[in-house]
Amino acid sequence: MIDVSPFAHCVCEKMGTTHELCDGALTLSEQGKKIRLSTRSGEDAIALVIDGCVIKDGKLKCDGLFLFLDNHRAAALLVELKGGDIRHAFEQLAYVQTSRPEYAELIARLKNCGKGRVIQKAFIVSNHMLSKTEYEPWENQYGVRVTAILHCEATTPIPDLRPYLK
């Protein structure tokens with residue numbers, strides 16, 4: 001079980017979730033952009049609202065975080081749901097990964113739940129697609145490796161982070 005007790009009020013739930021970004025237990029949504037994490041038997045995962053819940057100040061922050069745990073691995077998947085300014089998304093993700101004590105605490109808690117090492121990945125969900133050569137300079141500038149910029153529109157299936165757990 002994933003222990004996020006100081007931030008338990010920020011966890012998305014199947015029913016009764018009060019956070020605008022939650023769209024069920026394992027789906028985050030904002031202005032038509034959605035992302036989910038599917039699980040299998042024996043796996044544990046939660047979605048946390050970062051922006052406005054875990055982090056409430058006016059400093060940079062991304063939208064959400066999925067925490068995942070199974071018998072073999074632990075993973076933290078940061079997510080920014082972005083309609084336009086992709087460069088700003090890199091800045092937000094980098095700041096959370098490197099400068100936010102709340103994120104560091106959640107990683108430490110996930111380490112204590114099981115496997116010791118936590119796979120950390122960052123994702124941007126947008127309707128703007130960029131090639132690796134287009135966004136690589138931002139990765140270098142902000143010091144964050146973005147695993148994928150996932151395309152999401154109302155007419156397309158909701159992207160699933162599961163394939164990126166490898």
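The values are calculated or read from the model by the stated rules, or taken from the named source; none is laboratory data. Just so it is clear, the structure is predicted and the values come from calculations on it, not from any experiment. Every residue, glycine as well, gets a Cβ built from its backbone with ideal geometry; the counts of neighbours run over all protein chains shown. Side chains are part of the model used for accessible areas, which takes the heavy atoms of the whole protein and leaves out ligands, DNA and RNA. Shrake-Rupley method; radii C 1.70, N 1.55, O 1.52, S 1.80 Å.
Take every DSSP beta bridge with both residues inside the chain and express the antiparallel ones as a percent of the total, to the nearest 5. Mind dumping the intermediate values first?
On the way: 18 of 33 bridges.
That works out to approximately 55 percent antiparallel.
Could you rank the peptides 24-33, 78-87, 153-162 by their average count of other C-beta atoms within 10 Å per residue, with the highest value first? Walk me through the intermediate numbers first.
Numbers: 24-33: 18.3, 78-87: 19.9, 153-162: 13.4.
Ranked from most to least packed, the peptides come out as 78-87, 24-33, 153-162.
Identify, among Ile107, Gln31, Tyr95, the residue whose Cα sits farthest towards the positive end of the charge dipole of the chain, taking +1 on the Cβ of Lys and Arg and -1 on the Cβ of Asp and Glu, with the dipole about the Cα centre.
Ile107
Tell me the mean residue ellipticity at 222 nm calculated for the chain from its helices only (DSSP H runs of n ≥ 4, each -39500 (n - 2.57), averaged over every residue, nearest 500). Working shown, then result.
Details: 3 runs with 38 residues, N = 166.
Computed mean residue ellipticity for the chain: -7000 deg cm²/dmol.
Compute the Cα gyration tensor for region 90-133, then decide on rounded, prolate or oblate, letting a ≥ b ≥ c be the square roots of its eigenvalues: rounded whenever a/c is under 1.5, prolate when a/b is larger than b/c in the other cases, and oblate in all that remain.
Values: a/c = 3.18, a/b = 1.97, b/c = 1.62.
Prolate, since a/c reaches 1.5 and a/b exceeds b/c.
Let's test the formula: R0 of 45 Å, r as the Cβ-Cβ distance of Asn140 and Lys111. What FRET efficiency results, to the nearest 0.05?
Values: r = 28 Å, r/R0 = 0.62.
For R0 = 45 Å, the calculated efficiency reads 0.95.
Run the lone-cysteine check on the chain: no other Cys C-beta under 4.7 Å from the residue's C-beta.
Flagged as lacking a Cys partner: Cys62, Cys113, Cys152.
Which order do Met15, Met129 take when ranked by solvent-accessible area (1.4 Å probe, heavy atoms of all protein chains), largest first? It would help to have the intermediate numbers written out before the result.
Working: Met15 155, Met129 105 Å².
Most to least solvent-accessible, the answer reads Met15, Met129.
Which entries of Lys59/Lys166; Lys14/Lys59; Lys56/Lys121; Lys34/Lys132; Lys59/Lys82; Lys34/Lys56 show an alpha-carbon separation above 25 angstrom in the structure shown? Display every interim value, and only then the final one.
Details: Lys59/Lys166 31 Å; Lys14/Lys59 29 Å; Lys56/Lys121 22 Å; Lys34/Lys132 22 Å; Lys59/Lys82 17 Å; Lys34/Lys56 22 Å.
Distance filter (> 25 Å) returns Lys59/Lys166; Lys14/Lys59.
Does region 3-43 come out rounded, prolate or oblate, given a ≥ b ≥ c as the square roots of the eigenvalues of its C-alpha gyration tensor, rounded meaning a/c under 1.5 and, failing that, prolate meaning a/b above b/c? Don't skip to the end; give the middle numbers.
Values: a/c = 2.04, a/b = 1.12, b/c = 1.83.
Since a/c reaches 1.5 but b/c is at least a/b, the shape of region 3-43 is classed as oblate.
Given a Förster radius of 22 Å and the C-beta distance between Asp85 and Lys166 as r, what FRET efficiency does 1/(1 + (r/R0)^6) yield to the nearest 0.05? If you can, show how the numbers build up before the last one.
Values: r = 29 Å, r/R0 = 1.34.
Here the calculated transfer efficiency is 0.15.
Does the chain come out rounded, prolate or oblate, given a ≥ b ≥ c as the square roots of the eigenvalues of its C-alpha gyration tensor, rounded meaning a/c under 1.5 and, failing that, prolate meaning a/b above b/c? All intermediate terms of the calculation are to be shown ahead of the outcome.
Details: a/c = 1.37, a/b = 1.25, b/c = 1.10.
Rounded, because the longest to shortest axis ratio a/c is under 1.5.
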